[in-house]
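The values are calculated or read from the model by the stated rules, or taken from the named source; none is laboratory data. Keep in mind that this is a model prediction, so the values were computed, not measured. Cβ placement follows ideal geometry from the backbone for every residue including glycine, while neighbour counts extend to all protein chains displayed. The accessibility values were calculated without ligands, DNA or RNA, using every heavy atom of the protein model including side chains. Shrake-Rupley method; radii C 1.70, N 1.55, O 1.52, S 1.80 Å.
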2 protein chains.
Amino acid sequence: MLHEEVVGRIRDILLDGEIPPGARIPERELCDRLQISRTPLREALKVLAAEGLVQLLPHRGSRAAKLTDKDVRDLFEVCQGLEALAGELACERITDAGIAEVAAAHAAMVQHYREGDLIQYYRGNRAIHEAIVTAAGNPVLAGLYASVTARIRRARYVTPMTPQRWAFAVSEHEAILNALQRRDGAGLAHILRAHLRHKREEVLQAGFAETEASELALRIA
Amino acid sequence: MLHEEVVGRIRDILLDGEIPPGARIPERELCDRLQISRTPLREALKVLAAEGLVQLLPHRGSRAAKLTDKDVRDLFEVCQGLEALAGELACERITDAGIAEVAAAHAAMVQHYREGDLIQYYRGNRAIHEAIVTAAGNPVLAGLYASVTARIRRARYVTPMTPQRWAFAVSEHEAILNALQRRDGAGLAHILRAHLRHKREEVLQAGFAETEASELALRIA
DNA sequence: TTCACCATTTTTGAATTCAAAATTTGGAAT
DNA sequence: ATTCCAAATTTTGAATTCAAAAATGGTGAA
């Protein structure tokens, strides 16, 4: 199995919350499961530790990284900055076809909103943000964004999504699409920053659950 | 030797340009030199590959990553965004003592400018930018910034530093310190962006040397 | 002389092995 | 019965080993 493959597999295991934050990473078990020896596994763990997903304790094994409140705040802060930058660049560089794609993704997301399908809505939401980052045409930026959002998602926070909040988030997304269509870089950056700030507020206000992450526990009050 | 230690040592070797970009990384040789076996060395190389400093070619060894023109552009773009964000945050969070420190560093840098000591000037310059990032109080941001600047520095570009440019750069730094002292976040972000944009222009206009990096080849026209 | 093909050597990627550190277990003393 | 200490076991970190892939070199034919 290729090195990159192993890193990806373990990253997915961590992001799926199969190994909850703070939990010990069972080396032997993962070796058996992935049918590899400890050498490539440990290489992967070092890489993931550099990414911030794994915490290495000398002579005491490795654990899935645990996010503090401060970590989440910091990550959101950086994410905001990266998305704002991506928005500005995207406005300069996105093609008309690219805008059409984002518009389509937006429409699909709104449809999920209308149907009240929160899971699909979140998926569509993420797709739009990623499309904007991709449209920025900067692989370095895209890489950092991926790493930061991965760590954030790892937090598996639980925000009580009220109808008001949801409607507001959708309206923000309307504004995002609008700014992109007008290629208003500064405006898009501004909206994205506000959008992320609101999301962060929700998360920090609600606290976030670092427990068994298999249950998504998304509820609408 | 500790894992982190090995990663640091090799990172330094790469940043010092001891192994020039594009050159093969001699595994055996480094093992002898660092007095370690291939296992920890290869672990370090994977980590550095994830950081973008090393390029792994399957079944064909690893090379010091080579930066294209586009890479440099992308890195500068991201660096701009990160510094702008750091500036805004620093204005909110920096203490008076912190401002005093930056002011002192600035004064030292100006002194080096007056003496015409370009090397020391660059060192002071870097110290100021790093101090601002530190003052932002966001370790995630600081980490990304470190990684991006490391990769940029690796390019070892050669810019013909004219007296005009140098004077202008110093004036920009005056403005940076000023905005920080006024805690004008938006203003500081704006200046930092412009400052980095100018630097990038210089670099891309001049092209950059990917050769034997031991010679610094900084010259004043 | 040059090109192509095959054997040899080297290098890479990964499994195994080994020593040191940490954890657990069992027993003895209070 | 509980606590403390020491022996045994497990786990970790790193060296060594091993198989496969790539590079090298040498020979023979055109």
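Hey, any hits in segment A:48-66 for a residue that's within 16 Å of DNA strand D (Cβ to nearest atom), touching a residue at least 12 places away in the same chain (Cβ under 8 Å) and in a helix (DSSP H, G or I)? Yes, some residue in segment A:48-66 is within 16 Å of DNA strand D (Cβ to nearest atom), touching a residue at least 12 places away in the same chain (Cβ under 8 Å) and in a helix (DSSP H, G or I).
Take B:ILE99 and decide whether it is open to solvent by less than 70 Å² (accessible area, probe 1.4 Å) and either within 16 Å of DNA strand C (Cβ to nearest atom) or modelled with pLDDT under 95 (or both). No: the conditions fail for B:ILE99.
Answer yes if at least one residue in segment A:121-136 is within 11 Å of another protein chain (Cβ to nearest Cβ) and either away from DNA strand D (no atom under 16 Å from the Cβ) or aliphatic (A, V, I, L, M) (or both), and no otherwise. So far as segment A:121-136 goes, yes, one or more of its residues are within 11 Å of another protein chain (Cβ to nearest Cβ) and either away from DNA strand D (no atom under 16 Å from the Cβ) or aliphatic (A, V, I, L, M) (or both).
Is it the case that some residue within segment A:110-118 is surrounded by 12 or more Cβ atoms within 10 Å (Cβ to Cβ) and free of Cβ contacts under 8 Å to residues at least 12 places away in the same chain? Yes: segment A:110-118 contains one or more residues that are surrounded by 12 or more Cβ atoms within 10 Å (Cβ to Cβ) and free of Cβ contacts under 8 Å to residues at least 12 places away in the same chain.
Residues checked against (1) closer than 28 Å to A:LEU144 by Cβ; (2) open to solvent by 80 Å² or more (accessible area, probe 1.4 Å); (3) more than 10 Å from DNA strand C (Cβ to nearest atom):
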position	(1), (2), (3)
B:GLU5	yes, yes, yes
B:ARG28	no, yes, no
B:ARG33	no, yes, yes
B:ILE36	no, no, yes
B:HIS59	no, yes, no
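Considering segment B:16-64, and only residues there that are of a type in the set (Gly, Ala, Ser) and within 13 Å of another protein chain (Cβ to nearest Cβ), the residue that is farthest from A:ALA136 (Cα to Cα) turns out to be B:SER37. The number of residues in segment A:65-93 being buried (at least 22 other Cβ atoms within 10 Å of the Cβ) and either of a type in the set (Ser, Thr, Tyr) or away from chain B (no Cβ under 11 Å) (or both) comes to 2. Any residue that is within 14 Å of chain A (Cβ to nearest Cβ) and on the phi < 0 side of the Ramachandran plot - is there at least one of those in segment B:153-166? There is at least one residue in segment B:153-166 that is within 14 Å of chain A (Cβ to nearest Cβ) and on the phi < 0 side of the Ramachandran plot. Please indicate, with yes or no, whether at least one residue in segment A:31-45 is outside any loop (DSSP other than H, G, I, E, B), under 23 Å from A:TYR157 (Cα atoms) and at pLDDT 95 or above. Within segment A:31-45, not a single residue is outside any loop (DSSP other than H, G, I, E, B), under 23 Å from A:TYR157 (Cα atoms) and at pLDDT 95 or above. For segment A:135-150, the criterion of being open to solvent by 30 Å² or more (accessible area, probe 1.4 Å) and touching a residue at least 60 places away in the same chain (Cβ under 8 Å) is satisfied by at least one residue.
For (1) in contact with a Phe, Trp or Tyr (Cβ under 7 Å, 6 or more places away or on another chain); (2) assigned to a helix (DSSP H, G or I); (3) of a type in the set (Ser, Thr, Tyr), each residue gets a yes or a no:
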| position | (1), (2), (3) |
| --- | --- |
| A:ILE119 | no, yes, no |
| A:TYR122 | no, yes, yes |
| A:ASN125 | no, yes, no |
| A:HIS129 | no, yes, no |
| A:VAL133 | yes, yes, no |
| A:GLY137 | no, no, no |
| A:GLY143 | no, yes, no |
